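Data block below; observations after.
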């Protein structure tokens, strides 16, 4: 089985600048969220992280409301076309691992 790690927002961890490739570890979305809260004047963290924690899901793809308005806003990580493709896959029975 192929095991690909993705962040809460759905971005492949290997593309994330926070992921430490040499050490094969990630500081994690929670760490990134804390750093955003500290660095932003508004003290707001990652919108995806906050929403996922509120809804108790590990990844946006696992949320029954995916894709929601967050995915079309200024912090969007996918194009509308890609979101539509993911939505269609989910409707056809594609299941994301909850592990």
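Each value in this text was obtained by applying a stated rule to the coordinates, not by laboratory testing. Everything numeric here is computed off the predicted structure, so don't read it as measured data. Methodologically, a virtual Cβ is constructed for each residue, glycine included, from the backbone with ideal geometry; neighbour enumeration extends over all protein chains shown.
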Quick one: grab the alpha carbon gyration tensor of region 48-99, order the square roots of its eigenvalues as a ≥ b ≥ c, and give me rounded if a/c is under 1.5, else prolate or oblate depending on whether a/b is larger than b/c. oblate
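Rank these for me by crowding, 71, 43, going from fewest to most other beta carbons within 10 Å.
Numbers: 71 22, 43 9.
Going from least to most buried by this count: 43, 71.
What is the extension gain from residue 75 to residue 56, computed as 0.36 nm multiplied by their sequence separation minus the C-alpha to C-alpha distance, in nm to one decimal? Write down the numbers at each step before the final one.
Details: separation 19, 0.36 × 19 = 6.84 nm, distance 2.01 nm.
Contour length minus Cα-Cα distance gives 4.8 nm.
Rank these for me by crowding, 66, 48, going from fewest to most other beta carbons within 10 Å.
66, 48
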For 8, 90, order by how many other beta-carbon atoms lie within 10 Å, fewest first: 90, 8
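Taking 0.36 nm per residue of sequence separation and subtracting the Cα-Cα distance, how much length would be gained by fully extending the chain between residue 82 and residue 35, in nm to one decimal?
Details: separation 47, 0.36 × 47 = 16.92 nm, distance 2.81 nm.
That pair, residue 82 and residue 35, stretches by 14.1 nm at full extension.
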